[in-house]
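Below you'll find the structure, written out as structure tokens, and then a few comments.
The values are calculated or read from the model by the stated rules, or taken from the named source; none is laboratory data. Here the structure is a predicted model, which means the values were calculated and not measured. Reconstructed Cβ throughout: ideal geometry from the backbone, glycine too, with neighbour counts over all protein chains shown. Quick note on the areas: whole protein, heavy atoms, side chains included, nothing else; ligands and nucleic acids left out. Shrake-Rupley method; radii C 1.70, N 1.55, O 1.52, S 1.80 Å.
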Amino acid sequence: MCYQIALNFEDGVTRFIGCNSGEKLLDAAYRAKINLPMDCSDGVCGTCKCRAESGSYDLGDDYIEDALTADEAGSGMVLTCQMRPTSDCVLTIPTTSLACKTGHQKFSATVAAVTPHHDAAIVLELDVDATAAPAFLPGQYVNIDVPGSGQSRSYSFSSAPGDKRLGFLIKKIPGGVMSNWLADAKPGDRLDITGPLGSFYLREVKRPLLFLAGGTGLAPFLSMLEVLARAGSEQVIHMIYGVTRDLDLVLVEEIAAYAARLLNFSFITVVADEVSNHPHKGWVTQHMPAEVLHGGDVDVYLCGPPPMVDAVRRHFDVTGVLPANFHYEKFTPNAPAREAA
Ligand code: FES
């Protein structure tokens, strides 16, 4: 049995390694040529301490309290020189990938389809060259080099991890380097990609979820919903998908299809445009009743532009209901970088 372990580094890089049943994580990382922080390798110094975000594991019983206290162990901290995974795991490593002598992964892919949605967005589908699909966590993104421009752009996967065909939802921007390239792109064109990247990804689902998508910030939620549907999740999930204009509402049928596959999934769409006849007008915060915050027993995920993140934060302050967890990714269309928390 080999478990898939995601190592998330401070600089946003994620590397996936295999860890054999009964193998210590530090040894598995070393085998993969990733030098995780360590000193004693004996459960004494605590240098290798990091957080296990999800998964099950055996902590071992050969470490001392100075290296890992009972409270720390209870809150999900582990010693990589001692822990033996018993399932796939996600770990946060408190240093950069460079410090661990690793870094970004690169791969190439071929354009399979380019589907415009009005003047709002483009669905880009890519086939990867490798026999194995690139590993990533649902919600993460990649940087795609725009051929001939010397520039790259960041896009979240809309497809699920493990799928050989990768999907992306790209905002159509007049004069944008990627929009311009996609206007003439055709099946068979080649793209170079770096990733996966980012700390915005679906954590272990322990309570109701509230998904807030702004515009093409819908993409990572499609990936998350697919993962949840395949897992047969029965958790309560509500999504609010907000856009500026009616035409910006894309892939609504795909979202609706999840209502048939996920027992407790509901969603609404919201349009900000004052002249729209849409039944839900305004901002997502105006359509966020107390029920969807479950008195704070909710994990909120948001992917959208910076003002949306700020507005949702203010909403929490005004209502006095703070979610158990608030994960967000700010993106600015046509900009190369993303900010996540
Ligand atoms: Fe010293 Fe793990 S390396 S406790």
Review point. Taking segment 134-148 on its own, how many of its residues are open to solvent by less than 10 Å² (accessible area, probe 1.4 Å), in a loop (DSSP other than H, G, I, E, B) and of a type in the set (A, V, I, L, M)?
Key: 0
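Yes/no per residue for (1) open to solvent by 40 Å² or more (accessible area, probe 1.4 Å); (2) in a loop (DSSP other than H, G, I, E, B); (3) under 20 Å from Gly12 (Cα atoms):
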| site | (1), (2), (3) |
| --- | --- |
| Ser87 | no, yes, no |
| Thr102 | no, yes, yes |
| Ala109 | no, no, no |
| Pro116 | yes, no, no |
| Glu125 | yes, no, no |
| Ala130 | yes, yes, no |
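Matching residues to (1) surrounded by fewer than 16 Cβ atoms within 10 Å (Cβ to Cβ); (2) in a loop (DSSP other than H, G, I, E, B); (3) more than 9 Å from the ligand (Cβ to nearest atom):
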site: Gly43; (1), (2), (3): no, yes, no
site: Thr47; (1), (2), (3): yes, yes, no
site: Glu53; (1), (2), (3): no, no, yes
site: Asp61; (1), (2), (3): yes, yes, yes
Practice item. Name the residue, out of Leu68, Leu7, that is within 16 Å of the ligand (Cβ to nearest atom), touching a residue at least 12 places away in the same chain (Cβ under 8 Å) and not in a strand (DSSP E or B). Key: Leu68
Review point. Does segment 155-174 include one or more residues that are under 13 Å from the mean Cα position of the chain (by Cα), outside any loop (DSSP other than H, G, I, E, B), of a type outside the set (Phe, Trp, Tyr) and at pLDDT 95 or above?
Key: yes
Check your understanding: What residue, among those in segment 71-83 that are open to solvent by 20 Å² or more (accessible area, probe 1.4 Å) and away from the ligand (no atom under 13 Å from the Cβ), is nearest to Glu204 (Cα to Cα)?
Key -> Ser75
Revision key, fill the gap. Within segment 175-198, residues being within 21 Å of the chain's Cα centre (by Cα) and in a loop (DSSP other than H, G, I, E, B) number 1
Exercise for review: Report, by residue number, each residue of segment 8-32 that is touching a helix residue (DSSP H, G or I) at 6+ places or on another chain (Cβ under 8 Å), under 18 Å from Glu53 (Cβ atoms) and open to solvent by 40 Å² or more (accessible area, probe 1.4 Å).
Suggested key: Asp11
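Looking only at segment 199-212, which residues are open to solvent by less than 10 Å² (accessible area, probe 1.4 Å) and within 13 Å of the chain's Cα centre (by Cα)? Talk me through it step by step, then tell me what you get.
First pass over segment 199-212, keeping only residues open to solvent by less than 10 Å² (accessible area, probe 1.4 Å): 200-201, 209-212.
The answer is Phe200, Tyr201, Phe211.
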**Study point:** Qualifying positions in segment 151-193 - open to solvent by 40 Å² or more (accessible area, probe 1.4 Å), of a type in the set (Gly, Ala, Ser) and more than 24 Å from Ala133 (Cα to Cα)
**Key:** Gly175, Ala183
